[in-house]
Amino acid sequence: MEDHSVDDDNSSILSSSPANSPVMDRNPSPPPDREGEQDGEKVDAIGETVYSKHWLFSTLTRLIQIVSEQNTGDSDAQMQLPEEDEDELCKIWDMAMDKDVAGFLQEFKAGDILLGVIAKSRCPRLTEICVGILGNIACFPDTCLTLSQNNDLGVVLLLLLGDTDPPTLLETSRLLLTCVSQSDVSSLWLERVRQQTSVCSSLCFIMCSSTNMDLLVKVGELVDKLFDLDEELMKTWVTAGSQPSDEDKEEEGERRLDVASSLLEAAKQLRSESPEGLEVYLHALQLLTTIHHGIQTLAVAGGTGQALWTFLCEVVCEDLCQPDDPPLVLQEQKSLLVHALAVLSVLYACQDQEAEHSKADTLLPLVGSMLRVLQYHREYQVSSGHGHKEKKDGQEKEEEKVDEQLQALIQTTAEFLSDIIADLTKDAVSELVTRGYLTEKTCLSAVGSMLPQFSPAVQHLVFMLS
């Protein structure tokens, strides 16, 4: 069977690197200043920059020639980009980060030129560079608006998500994320995504199969943004995974990739490599739990919900807020913790899975971790001086914002813990004590956090300890 994996041996090379060069952390430098430039030559400059209009025209003309030459040979053969041409095109990529250059490229109809090249290109590196240039042009509101109004370009970019070249996929995802993040054009892109049904399956395939960390993070950011902006789109994608598409029916009933399981698979890949990327995926999974269709999908016994429960318990109990960590660790890990515990609380509330959660040896360690979160919060408050705020200009508001983020974690933890405590048997409470999870210190911290809002849970715990 043909391998359609989106990864290759160059997956670790950043997308701005020439194909045969060492790893680089930026695009190649723009053309150097020409020595001896006369005052009269400044009319050739683009805006307030030192970049040459003539050079840019010549390079874009050469770009058209390159793709024309490629299409005169074997139509199925993959082409290589000459090193000299690659260097020149990468200079445009770098130049496009300048607002004046981006505007000039737009006036010169560079979007149409690049669209034509992308549509005809049989060279992955050439396609990647062209999408990268568009991505930089789209970073500015005015040029992004003009690009976004090109419907043909929008369709081609969404179809590119089905490509198999990781650097091209990375630049395409970056460009799409840039566009949907700008309020003036986000609705336009959301409508295109809704109409292009292949987007969901393409993104799910990347999340399930890629081992390219940069690509997984960027795709996760894109999915998270789409879900955050459009709840109806999220519902559509969640339900699509349980229904065979027309293409699936042709392949002996094979079903589409499931969004929830795809998000979980990518989160597993990122667990040890990128805490920031993991946070993005946990937030996207939390968004799934805010809609009925998402909860239904996760509530199926033995399905994605059970696998997600096991994974998140491992993350919380093994990676976060460990016994030898200082209380200050809550500030670093609060976002990961609040997303993970919010999803776990929803999974726990699914009655069909509650018995499975209890049988698996995950519940008591999870309770121990939540008790530690509340204990560390109390110790952090004491050590930092509860209620103290910096009075410097601009600092007090930031301090309040940080407190609100931390408070969200404590509220989520206390509420989830009270739900579990209400179901604990006397034997389970005794086991918490035996394992060292429930001590005098953790008990006092938990009681202080749960009162008075969760008094019944506190009373049940006291009764079980008596």
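Taking all protein chains as present, what is the carbon and sulfur share of the accessible area of segment 75-212, in % to the nearest whole number, probe 1.4 Å?
Details: 2650 of 5290 Å².
Of all accessible area on segment 75-212, carbon and sulfur atoms account for 50 percent.
Can you tell me the mean projection area, over all orientations, of the convex hull of segment 84-128's alpha carbons? Units nm², please. Display every interim value, and only then the final one.
Numbers: hull surface 12.7 nm².
For segment 84-128, the mean projected area of the Cα convex hull comes to 3.2 nm².
Need one word for segment 417-466: rounded, prolate or oblate. Basis is the Cα gyration tensor (sqrt eigenvalues a ≥ b ≥ c); a/c below 1.5 gives rounded, then a/b vs b/c decides. Display every interim value, and only then the final one.
Details: a/c = 1.97, a/b = 1.29, b/c = 1.52.
Because a/c hits 1.5 or more and a/b fails to exceed b/c, segment 417-466 counts as oblate.
Using the Cβ atoms and a cut-off under 11 Å, what net charge is assigned to the surroundings of Ser68, where Lys and Arg are +1 and Asp and Glu are -1?
Working: positive: Arg62, Lys120; negative: Glu69.
So the surrounding residues net to +1.
Is the C-alpha gyration tensor of segment 82-174 telling us rounded, prolate or oblate? Criteria: a/c under 1.5 is rounded; beyond that, a/b larger than b/c is prolate, otherwise oblate.
Oblate shape, in that a/c is at least 1.5 and b/c is the bigger or equal ratio.
Report the accessible area of Ile64, computed with a 1.4 Å probe over the heavy atoms of all protein chains in place, in Å² rounded to the nearest 10.
Counting only protein heavy atoms, Ile64 exposes about 80 Å² to solvent.
What does the accessible area per residue of segment 405-466 come to in Å², with a 1.4 Å probe and no ligands, DNA or RNA counted?
Working: 3190 Å² over 62 residues.
For segment 405-466, the solvent-accessible area averages 51 Å² per residue.
Take the solvent-accessible surface of the protein heavy atoms, probe 1.4 Å, and return the percent of it on segment 411-451 that carbon and sulfur atoms account for. The partial results should precede the final answer.
On the way: 1000 of 1940 Å².
Its accessible area is 52 percent carbon and sulfur atoms.
The values are calculated or read from the model by the stated rules, or taken from the named source; none is laboratory data. Values in this document were obtained by computation on a predicted structure and should not be read as measured data. Because the Cβ atoms are built from the backbone with ideal geometry, glycine has one as well, and the counts that use them run over all protein chains shown. With ligands, DNA and RNA removed, areas are computed over all heavy atoms of the protein, side chains included. Shrake-Rupley method; radii C 1.70, N 1.55, O 1.52, S 1.80 Å.
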